[in-house]
Amino acid sequence: MTLDPNSISLAALIVSAIAIIASIYSALRQEHLSKTEIKLQRDTDLLKWGADCVRILQEMIEFTFRIAHDTEEELAEIRTNLLSEVSVLIDIGRWYLPNLINSNEQDEGQAAYKGYRPVAIDALLYSYRVFKSFDFKEKDRVNDLRQYLVTAKREFVSQIQATVDPARLMAATGEKPNYPKWMHPKELLPKRYQDGGGEQ
């Protein structure tokens, strides 16, 4: 049986076309996977940084309970150490959550500090400023300081959650929350929490 040269050429053309399509598909799929992996890695790094920020904000909140009985010298030393940590975390955070640059802004100053800060960075920065400026003699204002820090921490947590998108992370990892029954002991909770309406 003799094959028609035209049929051979057509078959070769079809095979080549299929190979090209497969190659393009493979390249696009690999690019998509690479972008997904990069995004997941960034989210992982952001979560680690965010966890450090939440920890230091909580330490600042706990610090407010010491103001009533510690000496000013003791308080000043602890505050200095906490402020140093917050300052470092703010600058590290600028790598993950860069400022929003206004196109009309003059090209002056260091790039990382130009433009408008994201809300998560502002939550840290203003916590730093309020915490630093608090006068230890004004003990009647401690509750105000504490409430400010609690509000800032919650805002920070909300901002990071919105940035990371836990639903996307769960979809990528295939994980789903599985809550055991012991976590919901209604008889041990205050009434306002028993209907699920309370918050931490």
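Segment residue 122..residue 158, full-extension length gain: 11.7 nm, with 0.36 nm per residue of separation and the alpha-carbon distance subtracted. Applying 0.36 nm per residue to the separation of residue 70 and residue 111 and subtracting their alpha-carbon distance, the gain on full extension is 10.6 nm. Extension gain, residue 37 to residue 87, is 15.0 nm, computed as 0.36 nm per intervening residue step minus the present C-alpha separation. Between the beta carbons of residue 142 and residue 44, assuming R0 = 45 Å, the FRET efficiency works out to 0.75 to the nearest 0.05.
Each reported figure results from applying straightforward, stated rules to the coordinates on display, with no laboratory input. Not measured: the values here are computed from a predicted model. Positions of Cβ are generated from backbone atoms using ideal geometry, with glycine treated the same way; all protein chains shown enter the neighbour counts.
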